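First up is the structure itself, then whatever we jot down about it.
The values are calculated or read from the model by the stated rules, or taken from the named source; none is laboratory data. Since the structure is predicted, the reported quantities are computational estimates derived from the model, not experimental observations. We place every Cβ from the backbone using ideal geometry, glycine too, and count neighbours over all the protein chains shown. SASA here: full protein model, heavy atoms, side chains in, ligands and nucleic acids out. Shrake-Rupley method; radii C 1.70, N 1.55, O 1.52, S 1.80 Å.
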Amino acid sequence: MAASGREFLGKRRAFGEVQRAYLRGPALEVDTYDWYDLRRRRIQLDEVQRITLHRELRRGTFGLCLGVGLVFAAVAALIAKETQTVGAWISFALFAAVGLLGALWTLVFRSSVITVTSPRARVTIVHGGARRSREVFRLIADRTRETQAAAAPATTEAPRAG
């Protein structure tokens, strides 16, 4: 645990926004940073209804890498067609190869996504590797189970009618 009592779980990046999730006591804290604002919200673990772990293709990264690769490939093809010199198009072809390899890498090695859902909020945590995401998933699931078991009233016997 950190000095503040918060344990960093992971983050999710979107255009102009970063969400960082922390585990603090019986709650998840989510800090959302956008262009100029910081918002913090708490999600109590006893309200959590569902926790999922799945693999997902990050479409933005895939599209960016594929677009860069195709643009550089088109420029390399145009330069190779117009000029008869050998070395003029090689650097563009190398950049195209890097972009297309990046798109292939994104397609093969998908991101692990943890989604925590409660009636009031939904938290998404994205990891690049499967190991860390499994650790965080187990931690959240175990802590949620403990919190919900402690919050559930202990029923020893039914009340008598009379």
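So, in the stretch 31-55, how many residues would count as being over 14 Å from THR115 (Cα atoms), in contact (Cβ under 8 Å) with a residue 24 or more places away in the chain and part of a strand (DSSP E or B)?
The number of residues fulfilling the criteria is 2.
Taking the criterion of being within 30 Å of VAL98 (Cβ to Cβ) and among the hydrophobic types (A, V, I, L, M, F, W, C), would at least one residue in the stretch 20-30 satisfy it?
The answer is no, given that none of the residues of the stretch 20-30 is within 30 Å of VAL98 (Cβ to Cβ) and among the hydrophobic types (A, V, I, L, M, F, W, C).
Output the number of the condition that GLU7 fails; it satisfies all remaining conditions of (1) over 18 Å from ARG138 (Cα atoms); (2) of a type in the set (Asp, Glu); (3) open to solvent by less than 60 Å² (accessible area, probe 1.4 Å).
(1)
Report whether or not VAL126 is within 26 Å of VAL30 (Cβ to Cβ), of a type outside the set (Ser, Thr, Tyr) and open to solvent by 20 Å² or more (accessible area, probe 1.4 Å).
Working: within 26 Å of VAL30 (Cβ to Cβ): yes; of a type outside the set (Ser, Thr, Tyr): yes; open to solvent by 20 Å² or more (accessible area, probe 1.4 Å): yes.
Spelling it out, VAL126 is indeed within 26 Å of VAL30 (Cβ to Cβ), of a type outside the set (Ser, Thr, Tyr) and open to solvent by 20 Å² or more (accessible area, probe 1.4 Å).
Being at pLDDT below 90, under 30 Å from ALA141 (Cβ atoms) and of a type outside the set (A, V, I, L, M, F, W, C): is that true of GLY60 here?
Numbers: at pLDDT below 90: yes; under 30 Å from ALA141 (Cβ atoms): yes; of a type outside the set (A, V, I, L, M, F, W, C): yes.
Yes.
So if I check each of PHE72, PHE137, PHE109, which one is closer than 18 Å to ARG20 by Cα and among the hydrophobic types (A, V, I, L, M, F, W, C)? Break it down stepwise before answering.
Details: PHE72 fails: closer than 18 Å to ARG20 by Cα; PHE109 fails: closer than 18 Å to ARG20 by Cα.
The match here is PHE137.
Looking at this structure, is GLN148 within 29 Å of VAL30 (Cα to Cα), touching a helix residue (DSSP H, G or I) at 6+ places or on another chain (Cβ under 6 Å), touching a residue at least 24 places away in the same chain (Cβ under 8 Å) and open to solvent by 60 Å² or more (accessible area, probe 1.4 Å)? Break it down stepwise before answering.
On the way: within 29 Å of VAL30 (Cα to Cα): yes; touching a helix residue (DSSP H, G or I) at 6+ places or on another chain (Cβ under 6 Å): yes; touching a residue at least 24 places away in the same chain (Cβ under 8 Å): yes; open to solvent by 60 Å² or more (accessible area, probe 1.4 Å): yes.
So GLN148 fits the description; yes.
Could you please find all residues in the stretch 126-145 being in contact with a helix residue (DSSP H, G or I) (Cβ under 7 Å, 6 or more places away or on another chain) and within 11 Å of ILE51 (Cα to Cα)? Step through it out loud before you land on a result.
Keep residues of the stretch 126-145 that are in contact with a helix residue (DSSP H, G or I) (Cβ under 7 Å, 6 or more places away or on another chain), which gives 127, 143-144.
Result: THR144, single match.
Could you check, for the stretch 105-120, whether at least one of its residues is aliphatic (A, V, I, L, M), open to solvent by less than 30 Å² (accessible area, probe 1.4 Å), closer than 30 Å to ARG132 by Cα and assigned to a helix (DSSP H, G or I)? Steps first, answer last, please.
Residues of the stretch 105-120 aliphatic (A, V, I, L, M): 107-108, 113-114, 116.
Adding the requirement that they be open to solvent by less than 30 Å² (accessible area, probe 1.4 Å) leaves 113-114, 116.
Retained after the next criterion (residues that are closer than 30 Å to ARG132 by Cα): 113-114, 116.
Still in the running and assigned to a helix (DSSP H, G or I): none.
No, there is no match, as no residue in the stretch 105-120 is aliphatic (A, V, I, L, M), open to solvent by less than 30 Å² (accessible area, probe 1.4 Å), closer than 30 Å to ARG132 by Cα and assigned to a helix (DSSP H, G or I).
Could you list, in sequence order, the residues of the stretch 128-162 that are at pLDDT below 85 and outside any loop (DSSP other than H, G, I, E, B)? Give the steps one after another, and end with the answer.
At the first step, the residues of the stretch 128-162 found to be at pLDDT below 85 are 128-130, 151-162.
If the condition is that a residue be at pLDDT below 85 and outside any loop (DSSP other than H, G, I, E, B), then ALA130, ALA151 are the ones that fit.
Can you tell me which residue among LEU28, LEU23 is touching an Asp or Glu at 6+ places or on another chain (Cβ under 6 Å), part of a strand (DSSP E or B), among the hydrophobic types (A, V, I, L, M, F, W, C) and under 30 Å from GLU135 (Cβ atoms)? Don't jump to the end; show me each part of the working.
On the way: LEU28 fails: touching an Asp or Glu at 6+ places or on another chain (Cβ under 6 Å).
After ruling out the rest, the residue left standing is LEU23.
Look through VAL30, VAL98, VAL18, VAL48 and report the one residue that is among the β-branched types (Val, Ile, Thr), open to solvent by 50 Å² or more (accessible area, probe 1.4 Å) and modelled with pLDDT of 85 or more.
Values: VAL30 fails: open to solvent by 50 Å² or more (accessible area, probe 1.4 Å); VAL18 fails: open to solvent by 50 Å² or more (accessible area, probe 1.4 Å); VAL48 fails: open to solvent by 50 Å² or more (accessible area, probe 1.4 Å).
None of the others qualify; the one that does is VAL98.
What are the pairs with Cβ atoms under 8 angstrom where one residue, in the stretch 110-139, is closer than 17 Å to ILE43 by Cβ and touching a residue at least 12 places away in the same chain (Cβ under 8 Å) and the other, located anywhere, is aromatic (Phe, Trp, Tyr) and part of a helix (DSSP H, G or I)? Sequence gap at least six, or different chains.
Between residues of the stretch 110-139 that are closer than 17 Å to ILE43 by Cβ and touching a residue at least 12 places away in the same chain (Cβ under 8 Å) and residues that are aromatic (Phe, Trp, Tyr) and part of a helix (DSSP H, G or I), the close pairs are ILE114/PHE137.
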